[in-house]
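Undergrad: The structure that follows is given in the form of structure tokens.
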Amino acid sequence: MSNQNFRSILTGSFSTPCADNPTVAMIEAAYRHAGIDARYINCDVKATHLKAAVRGAVAMEWAGFNCSLPHKVAVIEYLDDLAEAARIIGAVNCVAIRDGRLVGNNTDGKGFLASLRDVVDPAGKKIFMLGAGGAARAIAVELGLAGAEHITVINRDAEKAETIAALVRDNTGSDAVGRPWSGKACVPDGTDIVINATSVGLGDAQAMPEIDLDTLAKGQIVADVIPNPPMTRFLREARERGCTSLDGLGMLVNQGVIGVELWLGKTLDAGVMKQTLRDIFSASDAG
Ligand code: NDP
């Protein structure tokens, strides 16, 4: 008889399509680095199989899993409880399983906030946010819960911007407004933090959201959610104007770190995760 343990802790992700999601490489590199005997299984789960997949994870005693598109809202009906931010946002991207109980979290906004906190505490700050999709919604709610003073959300589809602003006003102590975005957006005077939460710049180092760059002020913090390429044109232009830049790679890494903390109660090495993603993204650029 051997006293070795051949049973790994199981974690993973349910989404479809899933083949281009590099999270598995990022997290397994950090598991190996930390000497944790755990796996992260990237599963292609179609919408009709989500319930069975969730039951399967419970049956196989997984520690938890990420949910990506198209399951972030649909998964909620299979959960026992929701963390506060996930309840307000209305979407779950990370589920922790403990004693067969499923608790839904949303780590999108939390990952962003962890990156932001490396440079500034958002409490009392004025925020100008471009975009009103899923990422924007999660970030705005977390900024509200973190005590931001005011959040302006602008979006081409203005109704979505107002929906997020109302969510922030109704559920957090922050004030917020939604505005239509047409033509070049101007950053209001007195803004502390500007965030690109649109998909503009993803996979295109020259694309940039329509914004009047002359309205950026020296010393402002300018953040982008785009993980690849991390140094977007928007961030390059902001840096040239004396702003502090924050890339979307940090958000992605921190989201992974927070997820594993929820599942295993262990904090992975963010540097190993970031380097793994950088290597993957630069290899795909070269290819
Ligand atoms: P959604 O599809 O939900 O939202 C996309 C947003 O971008 C909408 O507000 C949309 O505006 C806006 N948009 C798209 N094209 C333009 C354009 N040309 N000009 C102005 N606005 C535009 O996507 P998500 O919110 O889920 O994701 C947004 C980005 O965030 C993605 O690129 C994704 O990679 C990134 N992301 C990064 C994460 C990280 O960890 N770094 C985590 C999650 C997402 P409209 O409503 O008017 O169409």
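Undergrad: Skip the ligands, DNA and RNA, and give the accessible area per residue of the stretch 51-202 with a 1.4 Å probe, whole Å². Don't skip to the end; give the middle numbers.
TA: Details: 6470 Å² over 152 residues.
I get 43 Å² per residue for the stretch 51-202.
Undergrad: How many angstrom separate the Cα center of the stretch 180-253 from the Cα center of the stretch 77-152?
TA: First find each Cα centre; the distance between them is then 20 Å.
Undergrad: Could you tell me the accessible area of Asp279 in Å² (1.4 Å probe, neighbours in place), rounded to the nearest ten?
TA: Result for Asp279: roughly 80 Å² accessible.
Undergrad: Enter the Cα centre distance for the pair the stretch 269-285 and the stretch 1-53, rounded to the nearest angstrom.
TA: Taking the Cα centre of the stretch 1-53 as reference, the centre of the stretch 269-285 is 18 Å away.
Undergrad: Here is a follow-up. Just order 268-277, 204-213 by mean Cβ neighbour count inside 10 Å, highest at the front, would you?
TA: 268-277, 204-213
Undergrad: Sticking with this one: DSSP loop trypsin sites (Lys or Arg not before Pro) in the stretch 200-240 with at most 11 other Cβ atoms within 10 Å of their Cβ, which ones?
TA: In loop regions of the stretch 200-240 (DSSP not H, G, I, E or B), the sparsely surrounded trypsin sites (Lys or Arg not before Pro) are Lys218.
Undergrad: So how strong a dipole does the stretch 130-268 carry about its Cα centre when Lys and Arg Cβ are +1 and Asp and Glu Cβ are -1, to the nearest 20 debye?
TA: Computed about the Cα centre, the dipole is about 240 debye.
Undergrad: Show me, for the stretch 40-50, the HN-Hα J-couplings you get by feeding each phi into the Karplus relation (A = 6.51, B = -1.76, C = 1.60, θ = phi - 60°), rounded to Hz, glycine and proline as x.
TA: 10, 9, 8, 9, 8, 10, 6, 4, 5, 9, 4
Undergrad: Only Lys, Arg, Asp and Glu count, each charged at its Cβ (+1, +1, -1, -1), so figure out the dipole size of the chain about its Cα centre, rounded to 20 debye. All intermediate terms of the calculation are to be shown ahead of the outcome.
TA: On the way: 28 positive and 34 negative charges, 81 e Å.
Computed about the Cα centre, the dipole is about 380 debye.
Undergrad: Moving on to the next point. Calculate I(q)/I(0) for the chain by the Debye formula, one identical point scatterer on each C-alpha and no solvent, and give its log10 at q = 0.10, 0.16 Å⁻¹ to two decimals.
TA: Treating every Cα as an identical point scatterer, log10 I(q)/I(0) equals -0.53, -1.29.
Undergrad: Oh, and also: Would you work out which of Val73, Ala132, Ala114 lies farthest towards the positive end of the dipole of the stretch 21-134? Charges go on Cβ: Lys and Arg +1, Asp and Glu -1.
TA: Ala132
Undergrad: Additional query: What does the accessible area of Glu261 come to, in Å² to the nearest 10, when a probe of 1.4 Å is used?
TA: Its heavy atoms expose roughly 70 Å² to the probe.
Undergrad: How many nm separate the modelled label positions at Asp212 and Asp81, each set 7 Å beyond the Cα in the direction of the Cβ?
TA: 5.0
Undergrad: Over 21 Å apart: what share of the alpha carbon pairs of the stretch 133-200 falls there, rounded to a whole percent?
TA: 16
Undergrad: Still on this structure: Restricting to Cα atoms and excluding each atom paired with itself, what does the Kirkwood estimate give for the stretch 185-287 in Å? Please list the in-between numbers first.
TA: Details: mean 1/r = 0.0679 Å⁻¹.
Evaluated over the stretch 185-287, this radius sits at 14.7 Å.
Undergrad: Still on this structure, I have one more. Report, to one decimal in Å, the Kirkwood hydrodynamic radius for the stretch 104-239 based on all distinct Cα pairs.
TA: 14.6
Undergrad: What are the extents of the Cα atoms of the stretch 5-161 along their three principal axes, listed from largest to smallest and rounded to whole Å?
TA: 51, 36, 31
Undergrad: Round to a whole number: what % of the accessible area of the chain belongs to carbon and sulfur, probe 1.4 Å?
TA: Its accessible area is 49 percent carbon and sulfur atoms.
Undergrad: Right, next: Roughly what percent of Cα-Cα pairs across the stretch 71-118 reach past 14 Å?
TA: Numbers: 525 of 1128 pairs.
Every Cα pair in the stretch 71-118 considered, those over 14 Å come to 47 percent.
Undergrad: Take the alpha carbon gyration tensor of the stretch 221-263, find the square roots of its eigenvalues, order them as a ≥ b ≥ c, and report rounded if a/c is under 1.5; if not, report prolate when a/b exceeds b/c, else oblate.
TA: prolate
Undergrad: Within the stretch 93-135, find all residues whose amide N lies under 19 Å from a label point positioned 7 Å from the Cα of Arg239 along Cα-to-beta-carbon.
TA: 115-120, by backbone N distance to the label point.
Undergrad: A follow-up question, please. Take the Cβ-Cβ distance between Met231 and Asn5 as r, set R0 to 45 Å, and report the resulting FRET efficiency rounded to the nearest 0.05.
TA: On the way: r = 43 Å, r/R0 = 0.95.
For R0 = 45 Å, the calculated efficiency reads 0.60.
The values are calculated or read from the model by the stated rules, or taken from the named source; none is laboratory data. Keep in mind that what you see is a predicted model, and the values were worked out from it rather than measured. A quick note on method: Cβ atoms are made from the backbone with ideal geometry, for glycine too, and the neighbour counts reach across all protein chains shown. Areas reflect the complete protein model, heavy atoms only, side chains present, ligands, DNA and RNA absent. Shrake-Rupley method; radii C 1.70, N 1.55, O 1.52, S 1.80 Å.
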